[in-house]
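Scroll down for the structure; my scribbles are underneath it.
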Amino acid sequence: MTPVYLDNQATTPLAPEVFDAMLPWLKDNFGNPHSPHVMGRKAAAAVEVAREQVAALLPKNGRVIFTGSATEAINLAMGAARTRQGRDRIAVIDTEHAAVRDTALWYRTQGFETRLLPVDADGLILLEELEACLSEKTALVGAMLVNNEIGVIQPVEQIAEMAHRAGALMLCDAVQGFGRLAIPQQPDLIALSGHKIYGPKGIGVLWVRNGIELPPLIHGGGQEQGVRSGTLSPALCAGLGTAAKICAERMEVDMTHIEAQADRARSLFGDWTVNGSLEQRYAGNLNIRRDGLDVARLMSDVRGVAFSAGSACASGSGRPSHVLAALGLEPLQIKSSIRLGFGRYNSLEDVEQAAHLINQAAETQLS
C-alpha cells in the first residue's frame, strides 16, 4: 500500500507539468548549453528562460546562479564573508538548517568567530541578542525565512536591516518559503532548492544582490558566471523554472488549500502540543508532540503514513533535533515530537486518514 505522504518539508512530488518540461531535454535536445553550435545555443536558451522564471519570484536587483543544491548555494554564499576586509565574525540563528549552521561552525576552523543566536520558546529570534552581537567585525548574518522543522517564519526584513546597519551581509535560506510566501527584499544572498517546490532534485539556486563579490566554490571551466564551474543540466534548469512559474501562478490557491489541511489537522490532533509559534508560522508545517510517546516506535508502527521526526537531512546522524532543543524542550519531549508537512497534492482525506492512523498507534503505545 502506498502510504499517505505528509513529509513535504523533506521533498515534494514532481509536478506533472515539470516532468513534461524536462523530458525533451533528457531525450532529444541533449546539447551542451555551453557549446556554440545550434544544439548548444538551443539548450542555453532553455537555461536562460528558466533563470528568468526563477528570478520572477526574487528581488529585481540581483542575479540567479544555478547550483547543484541549496546546500551548495549556501556554501557558495558564505564565501562572501571572506571578501569583507577586517570582518571575521559570522552570526546565524541557532535553529538554522544544518546546511547553514554547520557551515557557519566550520568557518571557525578558518579563523572566523561564529555566534549562534538564541531563540525564544516560540522559535523566534531574540532581536536584542542579534543587536548585541553586531559590530564592525560582523561579516555575515544568516537567518532562514521558514524553519524546516517547526515552520516558524523569522522577521527576515528586520534582521537584514539590522545587519546592514552594522555593514554586514545578510544570507537568507528561503528553501521552505520560496514559491509559497513572498520573498523578503532586503537580503543580500538567498538560497533556494528545486525539490521543495514540486521540481527536480539535484538543482538549487543562489540569488546574489548586484555588486556582491563571490569567491568560486567549484573551480574549473568557469561556467555559470565564473563562480560555479561545471556543465549545467538544461533538464534540471527547465524543471526548476517551470516549478517556479507554477508556484507563482498558484501561490494563493496552494496556500488556501494547505491552510485548510492545517486547520483540519490541528482539530484532529487536539491532544497534542504544537512546537513553535502558532501565529508566525507557515501553515504547511505542523510540528507537534505528545508526552510519553516514543516517536521512533510510532514511525515503525504507522506504516501507512510517511511523516518525519525532524529534518530529513539530519535524521541519519543520530543526534537529537537542535531546533527543538533551542526552544527549551527536554530530551523526552524532543523524542515525542513529529512533523507533518502538507502540500499541493494532499487532500483533506489524506489528513484525516493520517490522523486516524497516528492517533490510533499513539493511544496503543500510551495505554
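Points worth noting:
Condition check ((1) aromatic (Phe, Trp, Tyr); (2) surrounded by 16 or more Cβ atoms within 10 Å (Cβ to Cβ); (3) at pLDDT 95 or above) across all residues:
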residue: SER267; (1), (2), (3): no, no, yes
residue: ARG281; (1), (2), (3): no, yes, yes
residue: LEU286; (1), (2), (3): no, yes, yes
residue: ALA296; (1), (2), (3): no, no, no
residue: VAL302; (1), (2), (3): no, yes, yes
residue: ALA306; (1), (2), (3): no, yes, yes
residue: ALA309; (1), (2), (3): no, yes, no
residue: ALA312; (1), (2), (3): no, no, no
residue: GLY316; (1), (2), (3): no, no, no
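- Qualifying residue in the stretch 70-80 (condition: outside any loop (DSSP other than H, G, I, E, B) and surrounded by fewer than 16 Cβ atoms within 10 Å (Cβ to Cβ)): no
- Matching residues, the stretch 146-178, being of a type in the set (A, V, I, L, M, F, W, C) and either in contact with a Cys (Cβ under 6 Å, 6 or more places away or on another chain) or in a strand (DSSP E or B) (or both): VAL146, VAL152, ILE153, VAL156, LEU169, MET170, LEU171, CYS172
- Residue list for the stretch 209-229, restricted to those being surrounded by 15 or more Cβ atoms within 10 Å (Cβ to Cβ) and among the aliphatic types (A, V, I, L, M): LEU214, LEU217, ILE218, VAL227
Let's see how each residue does on (1) touching a His at 6+ places or on another chain (Cβ under 6 Å); (2) aliphatic (A, V, I, L, M); (3) buried (at least 20 other Cβ atoms within 10 Å of the Cβ); (4) assigned to a helix (DSSP H, G or I):
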{"site": "PRO320", "(1), (2), (3), (4)": "no, no, no, no"}
{"site": "ALA325", "(1), (2), (3), (4)": "no, yes, no, yes"}
{"site": "ARG339", "(1), (2), (3), (4)": "no, no, yes, no"}
{"site": "GLU349", "(1), (2), (3), (4)": "no, no, no, yes"}
{"site": "LEU357", "(1), (2), (3), (4)": "no, yes, no, yes"}
{"site": "ALA361", "(1), (2), (3), (4)": "no, yes, yes, yes"}
{"site": "THR364", "(1), (2), (3), (4)": "no, no, no, yes"}
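- Among the candidates ALA248, ALA238, ALA243, residue that is assigned to a helix (DSSP H, G or I) and in contact with a Leu (Cβ under 7 Å, 6 or more places away or on another chain): ALA248
- Pairs where the first residue, in the stretch 153-175, is more than 14 Å from ILE190 (Cβ to Cβ) and the second is assigned to a helix (DSSP H, G or I) and modelled with pLDDT of 95 or more, C-beta under 7 Å, 6+ apart: GLN158/LEU127; MET162/LEU130; MET162/GLU131
- A Cβ distance below 8 Å, combined with a sequence gap of six or more or placement on separate chains, defines the contacts here; from the stretch 39-56, residues that are of a type in the set (Ser, Thr, Tyr) reach no residue that is in a helix (DSSP H, G or I) and open to solvent by 30 Å² or more (accessible area, probe 1.4 Å).
- Residues satisfying the stated conditions in the stretch 91-123, i.e. in a helix (DSSP H, G or I) and not aliphatic (A, V, I, L, M): ARG101, ASP102, THR103, TRP106, TYR107, ARG108, THR109, GLN110
- Filtered residues of the stretch 37-63 (kept if under 29 Å from ALA182 (Cβ atoms) and either at pLDDT below 95 or open to solvent by less than 40 Å² (accessible area, probe 1.4 Å) (or both)): ALA46, VAL47, ALA50, ARG51, VAL54, ALA55, LEU57, LEU58, PRO59, GLY62
Quick grid of which residues meet (1) closer than 28 Å to GLU17 by Cα; (2) open to solvent by 10 Å² or more (accessible area, probe 1.4 Å); (3) out of contact with any strand residue (DSSP E or B) (no Cβ under 9 Å at 6 or more places or on another chain):
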{"position": "ALA132", "(1), (2), (3)": "no, yes, yes"}
{"position": "ALA143", "(1), (2), (3)": "no, no, no"}
{"position": "ILE153", "(1), (2), (3)": "no, yes, no"}
{"position": "GLU161", "(1), (2), (3)": "no, yes, no"}
{"position": "ARG165", "(1), (2), (3)": "no, yes, yes"}
{"position": "ARG180", "(1), (2), (3)": "yes, yes, no"}
{"position": "TRP207", "(1), (2), (3)": "yes, no, no"}
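- Failed item, numbered, when SER277 is tested on (1) touching a residue at least 24 places away in the same chain (Cβ under 8 Å); (2) surrounded by fewer than 21 Cβ atoms within 10 Å (Cβ to Cβ); (3) within 22 Å of THR11 (Cα to Cα); (4) of a type in the set (Ser, Thr, Tyr): (3)
- Hey, ALA132 in a helix (DSSP H, G or I), small (Gly, Ala, Ser) and over 22 Å from SER193 (Cβ atoms) or not: yes
- For THR256: the one exception among (1) surrounded by fewer than 16 Cβ atoms within 10 Å (Cβ to Cβ); (2) in contact (Cβ under 8 Å) with a residue 24 or more places away in the chain: (2)
- Residue list for the stretch 90-121, restricted to those being in contact (Cβ under 8 Å) with a residue 60 or more places away in the chain, open to solvent by 20 Å² or more (accessible area, probe 1.4 Å) and in contact with a strand residue (DSSP E or B) (Cβ under 7 Å, 6 or more places away or on another chain): ASP94, HIS97, ARG101
- Tabulated pairs, the stretch 221-249, first farther than 29 Å from THR83 by Cβ, second small (Gly, Ala, Ser) and outside any helix (DSSP H, G or I), C-beta under 7 angstrom, 6+ apart or interchain: GLY239/GLY194; GLY239/GLY199; ALA243/ALA15; ALA243/GLY194; ALA243/GLY199; ILE246/ALA15; CYS247/GLY179; ALA248/ALA56
The values are calculated or read from the model by the stated rules, or taken from the named source; none is laboratory data. Here the structure is a predicted model, which means the values were calculated and not measured. Ideal geometry is used to build each Cβ from the backbone, glycine not excepted, and the neighbour counts take in all protein chains shown. Quick note on the areas: whole protein, heavy atoms, side chains included, nothing else; ligands and nucleic acids left out. Shrake-Rupley method; radii C 1.70, N 1.55, O 1.52, S 1.80 Å.
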